[in-house]
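Data block below; observations after.
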Amino acid sequence: MNDKEYAPLSPQCVRNLNDKLYEKRKTGALEVERLVREYVIANDHVKIRRILKILGDDFALSNHPNARKGGAIGLAAAAIGLGKESQNYVRDLVQPVLASFQDSDSRVRYYACEALYNIVKVCRGNVLPYFNEIFDGISKLMSDTDQNVKNGTELLDRLIKDIVTESPSFDLMAFMPLLRDRIYAKNPEARQFIVSWLAILDAVPDINMIVLLPEFLDGLFNILGDSNPEIRKMCHDLLTEFLAGVKNSNVGVKYEGMANILIIHCNSNDDLIQFTAMTWLREFIGQAGRTMIQYTPGIINAVLPNLQSASDKQRNVAEAAKSLNDALKDLVSDTDDIPSSQEVKSEGSEKLNEESTNNLSSSSQLDVREVISVICQILGRGNFGTKIAALEWLSHMLTKVPKRTFQYVDTFFPVLLQTLSDESEEVVLLDLEALAEISSNPAGLQKKPPTSTSPGKTKPQDHPENCGGLNEYFSKFMACLVELFKKDRQLLEPDERGYFIIRQLCQLLTAEDIFKSFSHIIVDEPDVLFACKIVQTLNTILLTSTELFELRTQLKNLDTQGSCALFCCLYKSWCHSPIATISLCYLTQNYHHASDLLQAFGDLEITVDFLKEIDKLVQLIESPIFSYLRLQLLDVQHNQDLIRSLYSLLMLLPQSEAFKLLRNRLDCIPQYQLMAIKDKPQSSKDPRPLVSKINFKDLHQHFLHVQARHRAARSQKVKAPVRA
């Protein structure tokens, strides 16, 4: 361009602005300032725009670095010359300088920062329409490789913050899209820049950042995980301020917009992020109450794995998780037991009343189906502490919302059965408590259980339905429990899990119901060896466990129709084990029948296991359980059947330690009474009126029938061909 095309700038001014020396460019800039000031006085807007266009197009956007530097300093000088009139030329002043922010020459970037600083200082709030462009440029230069550029950017940044703070016209909504984009920056300087800006905006009284929290909360939590301790602290302090703002805000807090974000960060691998997210959710529950109930599944899934701390470092996380978990449980109430619209439709229920329908349409509805789904997933893959918490939640659901929970019983019932095999006794105990609650919950009476049964098992509806307060799931549970023992017979060994399960069930429900149910299932068990094993286990528990004292007393006296019916029920399955049957007769004081049965033992196959069972019975006779039996030996006249049965046992035994023990006991019987037996024979009729009504003849035939099944099974096993 010739000199005329640069007019009204003089040729010397143009040469100075293009010079490589800073002093020359500064001289040219001073001439620009003088010219602009003169044109302002003369009100010559045309020449002012002409100068700004030349400085912008021909200098700031030039291909020559020195010219770009001259353009930046010239535009700053023009802004100073314009003074208050600069408000009419903001675009012409700002845009060319911003373009130089991305210049490849660090000196050009530095002069651009310096120039924009001077322009903004003159224009003040008039630059806010271009705030996003300025912010974008500054955010990038904050991580510049040149320290001078970074220093200049920091000065410009502080000035912009001052202007935003003092300006009532800042357009926060227009800024949000850019903030959402920049907040996910990975660079430490850029992150620090973002956090500082959010802190500044939050401090402005006329700006309500709490309303806009959902827009940038996720990004802030990402920054909270930065490896730089200073940035982490800045971000944590800012989040603390925002949470305080949430506590103090009566309106405008968008809990729904932030809940899922916080749930996601509860799953973070960073302890600080986890702790902070849980703290926020706990506060949300305190502030929003029922609004948060809809997020129960997600919170449970995120919180339960963190209830136990793996180290001191994670103790805060565990404490925060417990506080959040407890608060969430408190939200669940009886009002949540109104079925959801989908559940109502699937069950074909009648139309709900208007109040219930209004409740269903609310977003503050507990999603029982998803809660159950999460619990089942945790029970399938969780660790010890997580499973404990999941089972506690299930029990809580069965207590607070039993009707809706039972809608999904077919989902969690099999999972609970599988959990019985867990290696932790505490997990198994809680699992049993849940199964016991399912078995006795009135809601279960309105829900039919699955009709499928295990091979060889009687159908649930064939089980005793006269168990007080128990529903059909009890029968299903007991059948599945027997199947579990059948698959893993090691569980039935002393000191193994089977003993623990049966004893706990007797405490959680009633021992009578448990033993009657076992008996009904076992009586027709085709695998007679397994039936014998489980009967021996049940018999040992019956005779030795302190939890079964009342049941033993009931059977010992047989003074009610119920106790007599219980004896007959147990007897039919106890027949799978001859010695267990004799034990039951001793417990119930049916000595005459015991003596009759023992006479038939001569036809049974006497094996080593059979003799071991007699040995155990002899040991039991010497235990406190049978102290009454031993005392009855003193009354020979009225207990001849007892003495005869004990001598029968003695004759079955080889001369072992058990033989010596029983013989020593029988030697304690007063000899003078034994001599008088033949003079006063004992009546075989039991003095107990209800016992006399028991058909012992049929019971004896049942015993022989069962033993015949055992002989046939052993014979079949012997005849089976040996596979190569």
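Per residue, the average separation of C-alpha pairs within less than 8 Å and at least 6 apart gives the chain a relative contact order of 5 percent.
What does the net charge come to around residue 382 if you take all other residues with beta carbon closer than 14 Å to its beta carbon, with K and R at +1 and D and E at -1? Within the 14 Å Cβ shell, the charges total -3.
Roughly how much of residue 709 is accessible, in Å² to the nearest 10, using a 1.4 Å probe? Residue 709 has an accessible surface of roughly 60 Å² with all protein chains in place. Apolar share of the accessible surface for the chain: 50 percent from carbon plus sulfur atoms, 1.4 Å probe. Which of the three applies to the stretch 69-206, rounded, prolate or oblate, going by the alpha-carbon gyration tensor with a ≥ b ≥ c and a/c under 1.5 meaning rounded? Oblate, since a/c reaches 1.5 and b/c is not below a/b. Just to verify a number: FRET efficiency for residue 493 and residue 102, C-beta to C-beta distance, R0 = 45 Å, to 0.05? Plugging the Cβ-Cβ distance into 1/(1 + (r/R0)^6) gives 0.05.
The stretch between residue 411 and residue 657 holds 83.2 nm of extra length on full extension. This uses 0.36 nm per residue minus the Cα-Cα distance.
Label separation (residue 396 vs residue 146): 6.0 nm, computed from points 7 Å beyond Cα along the C-beta direction.
Once both labels are positioned 7 Å from their Cα atoms along Cα-to-Cβ, the gap between residue 483 and residue 91 label points is 7.8 nm. Compute the label zone of residue 233 within the stretch 259-283: residues whose backbone N is under 18 Å from the point 7 Å along Cα-to-Cβ. From the stretch 259-283, the list is 272-273. Summing charges over all other residues whose Cβ lies under 12 Å from the Cβ of residue 510, with Lys and Arg as +1 and Asp and Glu as -1, gives -3.
Within the shell defined by Cβ-Cβ distances under 11 Å, the residues around residue 214 carry a net charge of -1, with Lys and Arg each +1 and Asp and Glu each -1. With R₀ fixed at 60 Å, the C-beta to C-beta distance from residue 166 to residue 693 puts the FRET efficiency at about 0.05. Rolling a 1.4 Å probe over the protein chains gives residue 280 an accessible area of about 0 Å². The angle separating the long axis of helix 472-487 from the principal Cα axis of greatest extent in the chain is about 80 degrees. To the nearest 500 deg cm²/dmol, what mean residue ellipticity at 222 nm is calculated for the chain from DSSP H runs of n ≥ 4 alone, each contributing -39,500 (n - 2.57), summed and divided by the residues? Using -39500 (n - 2.57) per qualifying helix, the result is -21000 deg cm²/dmol. Since only 128, 141, 97 are under comparison, the one whose Cα sits farthest along the positive direction of the charge dipole of the stretch 80-153, derived from C-beta charges on Lys, Arg, Asp and Glu, is 128. Remark: spin-label model distance residue 5-residue 158 equals 4.3 nm, labels positioned 7 Å along the Cα→Cβ axis.
Checking the cross-link pairs 572/616; 26/233; 26/140; 247/403; 322/403; 572/612 against a 32 Å limit on the alpha carbon distance flags 26/233; 247/403 as lying beyond it. Rounded to the nearest whole Hz, the Karplus-based 3J(HN,Hα) values (6.51 cos²θ - 1.76 cosθ + 1.60, θ = phi - 60°) of the stretch 423-436 follow the sequence 6, 8, 5, 5, 5, 4, 4, 5, 5, 5, 4, 5, 5, 5, with x at glycine and proline. Karplus-derived 3J(HN,Hα) values for the stretch 145-153, using 6.51 cos²θ - 1.76 cosθ + 1.60 with θ = phi - 60°, are 6, 8, 5, 4, 5, 4, 5, x, 5 Hz; glycine and proline are entered as x. Were the residues from residue 269 through residue 84 laid out at 0.36 nm apart, the gain over their Cα-Cα distance would be 61.2 nm. Using Cα-only point scatterers and the Debye equation, what is log10 of I(q)/I(0) for the chain at each q in 0.06, 0.07, 0.08, 0.12 Å⁻¹, rounded to two decimals? Once normalised to I(0) and log-transformed, intensities are -0.61, -0.70, -0.80, -1.20.
Computed from Cα atoms, the angle from the helix 657-667 axis to the main principal axis of the chain rounds to 50 degrees.
Legend: residue pairs 53/84; 24/53; 121/186, Cα-Cα distance threshold 24 Å; pairs beyond threshold, 121/186. Taking 489, 232 and ordering them by how much accessible surface each has at a 1.4 Å probe, largest first, produces 489, 232.
Computed from Cα positions, the angle between helix 409-419 and the longest principal axis of the chain comes to roughly 70 degrees.
Where in the stretch 637-660 does the label zone of residue 622 land, with the point 7 angstrom along Cα→C-beta and an amide N cut-off under 11 Å? Correct set: 657-660.
The values are calculated or read from the model by the stated rules, or taken from the named source; none is laboratory data. None of these values were measured; they are calculated from a predicted model. Because the Cβ atoms are built from the backbone with ideal geometry, glycine has one as well, and the counts that use them run over all protein chains shown. The area values use the complete protein model at the heavy-atom level, side chains included, leaving out ligands, DNA and RNA. Shrake-Rupley method; radii C 1.70, N 1.55, O 1.52, S 1.80 Å.
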